[in-house]
1. Looking only at the chain, where both bridge partners belong to it, what percent of the DSSP beta bridges are antiparallel (to the nearest 5)?
2. What is the set of long-range amide H partners of residue 66 at a cut-off below 5 Å, with H atoms built 1.01 Å from backbone N?
3. If we count chymotrypsin sites (Phe, Trp or Tyr not before Pro) as exposed when they sit in a DSSP loop and have at most 15 other beta carbons within 10 Å, what is the longest stretch of the chain that avoids them all?
4. How high is the relative contact order of the chain, in percent, with contacts defined as C-alpha pairs under 8 Å that are six or more residues apart?
5. Could you tell me, in Å, what Rg and Dmax come out for the Cα atoms of the chain?
6. Please build a GNM for the chain, connecting alpha carbons under 10 Å apart, and tell me which residue among 52, 80, 28 fluctuates the most.
Amino acid sequence: MWSQNFNIRLDSWSTLRLQCASMEREEAIQAINHWWFQTPWTPYHLHWDDRASWPDPWQLLSDNIYCPLARALGILYTIAIVDREDLQDAVLVDTGSDNLVLIDQEKYILNWDPSQVLNINLGPVTIRNSVTQTQIKKQIN
């Protein structure tokens, strides 16, 4: 159940990040994906054309509006802040129909399915837009 209270959401997100710092990589990836899939769904909120005005992670949690792009952005923010050596290649991509977070050259695909992140065969993927973990870290700082 997703809390309507910002302080509770913030505390839960902080706990998630602390736990993921010491988990095995795949377990951490699954925990992050699962946590963000609990958000309430909204069809449209953020858009790639407005990337310069995307909210930072704290504003994203405060706004509490989660379209598929906002959820993917939250996933990438979480990975960036956890800052694990084995997750440094995370990238948020727009395929035209989905906003996915890819890790380890598409071995792990987040924001596709709430319970599955490994061995997902998406078929050919055309990337229309992307933002890397390195780029998103600059937005956080």
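Read-outs throughout are calculated quantities, based only on the coordinates presented, and are distinct from any laboratory measurement. Being a predicted model, the structure only gives us computed values, none of them experimental. With ideal geometry, Cβ positions are generated from the backbone for all residues, glycine too; neighbour counts draw on all protein chains shown.
1. So the antiparallel bridges in the chain amount to around 90 percent.
2. Placed amide hydrogens put 42 under 5 Å from residue 66.
3. 45-141
4. Values: 198 pairs, mean separation 32.6, N = 141.
Worked out over the chain, it gives 23 percent.
5. Here Rg and the maximum Cα pair distance are 13.8, 41 Å.
6. Evaluated over the chain, the most mobile residue of the options is 52.
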